[in-house]
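Heads up, the thing below is written out as structure tokens.
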Amino acid sequence: MKLLLDTHILIWGAVEPERLSRATRALIEERRNDLLFSAVSLWEIAIKAALRRADFQIDVGALRRSLFDNGYSEIAATGAHAAALANLPRIHKDPFDRLLVAQAIIEGLTLITGDPVVARYPGPVRLV
């Protein structure tokens, strides 16, 4: 299975792995799963870290290197992803989360999230 991890799952995995549920850890550790992260998540972290959000205080460059070192692949944000936003229901206000959902739909990935609001989107979103 191809798994796109949402931003908080990426951060928790890097700095607070104890916050990940058993189900999340099992998905990440399953060798048959392809793990992906989005440039959108790095953008979100950089913006919110600059705003001094306590839950986003992580070195984006170090996180990206670590993800690559651990076998993750990166998904770029494209115009097709942005265009897909027009077809999403207005369930969540966060533009970063909405774009991650659009990427999962367009790319045929399963978005892994801990956010129950994001999990309300139709399509390939899994709440863990």
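Values quoted throughout were computed directly from the atomic coordinates according to the rules given, and no laboratory measurement underlies them. The model shown is predicted, which means the values in this text are computed figures rather than measured ones. Counting neighbours? That spans all protein chains shown, and the Cβs are built from the backbone with ideal geometry, glycine included.
Mind ordering 70-80, 31-41 by average Cβ neighbours within 10 Å, highest first?
31-41, 70-80
Would you work out the charge dipole size for the stretch 2-127 about its Cα centre, treating the Cβ of every Lys and Arg as +1 and the Cβ of every Asp and Glu as -1, and quote it to the nearest 20 debye? Kindly include the intermediate steps, with their values, before the conclusion.
Values: 16 positive and 15 negative charges, 50 e Å.
Computed about the Cα centre, the dipole is about 240 debye.
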Per-residue HN-Hα couplings for the stretch 71-84 [Karplus 6.51, -1.76, 1.60; θ = phi - 60°; Hz; x = Gly/Pro]: x, 6, 10, 9, 10, 7, 8, 10, x, 5, 5, 5, 5, 5
The chain: radius of gyration over Cα atoms, expressed as a fraction of 2.2 N^0.38 Å: 0.98
Estimated vicinal HN-Hα couplings, Hz - the stretch 63-68 in sequence order (Karplus 6.51, -1.76, 1.60; Gly, Pro = x): 4, 4, 4, 5, 4, 4
